[in-house]
Amino acid sequence: MDAIFDALRDLTDTVAFVGGFRVFVAAVLGIILGVERTFSNKDAGLRTYALVASGSALFTVLSIEGFDAADTSRVAAQIVTGIGFLGAGLIFRQGANVQGLTTAAGLWTVAAVGMAAGTGFWGLAIVATVIVLAILKGSDRFSTQLRERSLRDLKWSVRLTVRDPATIEDLRALVTDLAPSAARALPDVGHWAVGSKKGDPTISLILNDADRNQLVPLFEAHAGVSKIRIQEHT
């Protein structure tokens, strides 16, 4: 019996067992974070997060156990650089928006979780995972509310080019009925102005997001409107 306990003790003291268990814990924590990203319909999901976490843990274990004659922090330090390159490939610009920042930051953070697990700081790795989950889930709801509020406050500059002056009164009646504040004269509240461009009559409006969504389809369907220009009002 003592021989069996000694054999088990020797097995649990091996790098393969201890290091493998650390990598396993890192993979589990990466899966937990990856599941949340998968449910949020993100490109980098369960497999990506699990691989980054377990890979970071494995590099960390190797840096501690595999290079006795060298500075053991060097390999681990390169994980940060490597994840930086990986994250940079996920960030791209789409029009005025930048996509992929949260995904890149998430991979960077899950690599840190993997490093914590790789060094044996189980509590730190688990606490960090809980914090990251709280940020991702809490920020989804909070950012949605902020986005909805910003859209309510957003203003759009809309210029309509019409075919003849008579159309102006038809459109003014339409706007007065659906968005009364936008039909007031420009000197009053800065919403409505009549002008011309290249000899054609124009109407300039400043609409909030709700009024824009309501009125622009009607402008597009109006036979007297020949051109519509919409841009964000600053």
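Total residues in the stretch 197-234 satisfying the condition of being over 12 Å from Thr161 (Cβ atoms), among the aliphatic types (A, V, I, L, M) and not in a loop (DSSP other than H, G, I, E, B): the figure is 9.
If the condition is being surrounded by fewer than 18 Cβ atoms within 10 Å (Cβ to Cβ) and free of Cβ contacts under 8 Å to residues at least 40 places away in the same chain, then the stretch 32-45 contributes Val35, Thr38, Phe39, Asn41. Taking the stretch 115-191 as the region of interest, the helices (runs of 4 or more DSSP H) fully inside it that hold 3 or more residues being assigned by TED's automatic domain parsing to the domain that holds Phe39 and modelled with pLDDT under 85 are 122-153.
Among the residues of the stretch 209-227, those identified as surrounded by 12 or more Cβ atoms within 10 Å (Cβ to Cβ) and either without any contact (Cβ under 8 Å) to a residue 40 or more places away in the chain or in contact with a strand residue (DSSP E or B) (Cβ under 6 Å, 6 or more places away or on another chain) (or both) are Asp211, Arg212, Asn213, Gln214, Phe219, Gly224, Val225, Ser226, Lys227.
The values are calculated or read from the model by the stated rules, or taken from the named source; none is laboratory data. What you see is a predicted model; the values in this text were computed from it and never measured. Note: ideal-geometry Cβ built from the backbone for every residue, glycine included; neighbour counts use all protein chains shown.
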